[in-house]
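The values are calculated or read from the model by the stated rules, or taken from the named source; none is laboratory data. All figures in this text were calculated on a predicted structure; none of them were measured in a lab. So basically every Cβ, Gly included, is an ideal-geometry build from the backbone, and we count neighbours across all protein chains shown. All accessible areas refer to the heavy atoms of the entire protein, side chains included, with ligands and DNA or RNA removed. Shrake-Rupley method; radii C 1.70, N 1.55, O 1.52, S 1.80 Å.
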Amino acid sequence: MSLWLTHPLFLPSLIIGVTIVLWATALLPEFITALLFFAAAMVANIAPADVIFGGFASSAFWLVFSGFVLGVAIRKTGLADRAARALSARLTDSWLLMVGSVVLLSYALAFVMPSNMGRIALLMPIVAAMAARAGIHEGSRAWFGLALAVGFGTFQLSATILPANVPNLVMSGAAEGAFGIHLNYVPYLLLHTPVLGILKGLILIALICWLFPGKPHAARDLEPATPMSRDEKRLAWMLAVVLILWVTESWHGIGPAWTGLVAACVTLLPRIGFINGEEFATGVNIRTCIYVAGILGLAITVTQTGIGRAVGDALLHVMPLDPQKPFTSFAALTGITTALNFIMTANGVPALYTSLAQSFSDATGFPLLSTIMIQVLGYSTPLLPYQASPIVVAMALGKVPARAGMLLCLALAIATYLLLLPLDYLWYQALGKL
């Protein structure tokens, strides 16, 4: 026992383990758990301050922050309601159509916007206004379903599009840096979209309709739409510029976070902006920003302290990886990714898994590229909301209780592993990847 207590990873593992348990069980508000993690990690000196607080320097944190600011402006100017008016005229005839449309819109937007957080910030106020016009009130079970449709559709389905989320980019960078493998857009899309995009999207729609039933009514506009106000026009033009800059990031090299931050600053400027200090204070959920910084900081700390590699090496030795049993090996690699998701969250998993991919490839007999690709099913299917910060943000914007998010996470994960994992394996084989 004394050897365990004196092991250099004991204290970091204890602090990280308690943090994960608190997030998973929601015994405390998520932001308080994040603050406790920061405090305990600093007092125990388990890592340098720039590692523990690294989440605040992450582009994901600033995308969350700027997303909140832009969301407040979109709602205040009436732009959200105007967009909702155009959508609700056609998409609220039935609950299935409404949920399916939100999921499809979340997925389709991933082809043109590179940021999960940016897409959620853009969609949530529009979906909220559309829901209100269809008689789906905030705080109702049906509203929770729509908010989760935005979060899950945005994060889980976008994993099939190479530049559309952070874990994909981390995996791509790690594969190129470690093995000189450059991932290409179209082959990646072909490999993942049929099962993890289309089929998973259909299952997501079915689960939301079942777990979060709703009865929307067709929106009836008793008054004709008014002309766009000056502020609506100005904000629409600014959002169009932001969207163009997001889409063309590969040309100009300015990250989506910093484009969003500039837009948020313009939104807050006196006289030329759209919201004042009081609206900022009430509309921007700082608690969620702290929570996201905590998740990202924990993932960085796990990597820097060596806990992630220790866990990865242990999993490599205990999981049933056997060239003679390809399906078992396929499922085991997915299981390794799922296990790593608990301690590193989706953004951190690809960095560690990819660094171990050669060992996994040797143990399974799978081609190295295929071994790297198998992790996508695992990190894109969180078992708990905290493992995917975009889902956390969507839940915060929609004021969705932790229990509702956990329910959908677990239901979709069970359906994915029971139904989609075997189909994904068959699809890899059909493409000659295994």
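Things to note:
- Failed condition for Glu279, given (1) open to solvent by 60 Å² or more (accessible area, probe 1.4 Å); (2) farther than 24 Å from Asn347 by Cα: (1)
- Screening segment 422-434 for residues that are part of a helix (DSSP H, G or I), open to solvent by 10 Å² or more (accessible area, probe 1.4 Å) and in contact with a helix residue (DSSP H, G or I) (Cβ under 6 Å, 6 or more places away or on another chain) and picking the one that is farthest from Ile295 (Cα to Cα) gives Trp427.
Rundown of residues vs (1) of a type outside the set (Lys, Arg); (2) open to solvent by 10 Å² or more (accessible area, probe 1.4 Å); (3) not in a helix (DSSP H, G or I), yes/no style:
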site: Ile300; (1), (2), (3): yes, yes, no
site: Arg309; (1), (2), (3): no, yes, no
site: Leu315; (1), (2), (3): yes, yes, no
site: Pro320; (1), (2), (3): yes, yes, yes
site: Ala331; (1), (2), (3): yes, yes, no
site: Thr337; (1), (2), (3): yes, no, no
site: Leu340; (1), (2), (3): yes, no, no
site: Asn347; (1), (2), (3): yes, yes, no
site: Gln358; (1), (2), (3): yes, yes, no
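Conditions (1) within 20 Å of the chain's Cα centre (by Cα); (2) at pLDDT below 80; (3) at positive phi, marked per residue:
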| residue | (1), (2), (3) |
| --- | --- |
| Ile272 | no, no, no |
| Ile275 | no, no, no |
| Ile295 | yes, yes, no |
| Leu315 | no, yes, no |
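- Residue satisfying all of: in segment 208-251; surrounded by fewer than 10 Cβ atoms within 10 Å (Cβ to Cβ) and more than 29 Å from Pro270 (Cα to Cα); modelled with the lowest pLDDT among these: Leu222
- In segment 54-94, residue modelled with the highest pLDDT [restricted to those that are surrounded by 20 or more Cβ atoms within 10 Å (Cβ to Cβ) and over 25 Å from Leu105 (Cβ atoms)]: Gly54
- Residue within segment 172-179 that is among the hydroxyl-bearing types (Ser, Thr, Tyr) and open to solvent by 40 Å² or more (accessible area, probe 1.4 Å) present: no
- Scanning segment 251-285 for residues that are in contact (Cβ under 8 Å) with a residue 60 or more places away in the chain, within 19 Å of Asn116 (Cα to Cα), part of a helix (DSSP H, G or I) and of a type in the set (A, V, I, L, M, F, W, C) yields Ala257, Trp258, Leu261, Ala263, Ala264.
- Of the residues examined, Thr193 is one that is closer than 16 Å to Leu377 by Cα, of a type in the set (S, T, N, Q) and open to solvent by 10 Å² or more (accessible area, probe 1.4 Å).
- Any hit, segment 132-141, residues being touching a residue at least 24 places away in the same chain (Cβ under 8 Å), acidic (Asp, Glu) and open to solvent by 10 Å² or more (accessible area, probe 1.4 Å): yes
- Every pair of residues 6+ apart whose Cβ atoms lie under 8 Å, when the first sits in segment 359-384 and is farther than 19 Å from Pro320 by Cβ and touching a residue at least 12 places away in the same chain (Cβ under 8 Å) while the second is part of a loop (DSSP other than H, G, I, E, B) and open to solvent by 10 Å² or more (accessible area, probe 1.4 Å): Pro367/Lys433; Pro367/Leu434; Leu368/Ile181; Leu369/Ile181; Leu369/Lys433; Ile372/Ile181; Met373/Lys433
- Residue check, Ile205 β-branched (Val, Ile, Thr) and either modelled with pLDDT of 85 or more or surrounded by 16 or more Cβ atoms within 10 Å (Cβ to Cβ) (or both): yes
- The lone exception for Ala411 - which of (1) under 16 Å from the mean Cα position of the chain (by Cα); (2) assigned to a helix (DSSP H, G or I) it fails: (1)
- Members of segment 6-36 that are at pLDDT below 80 and in a loop (DSSP other than H, G, I, E, B): His7, Pro8, Leu9, Ala26
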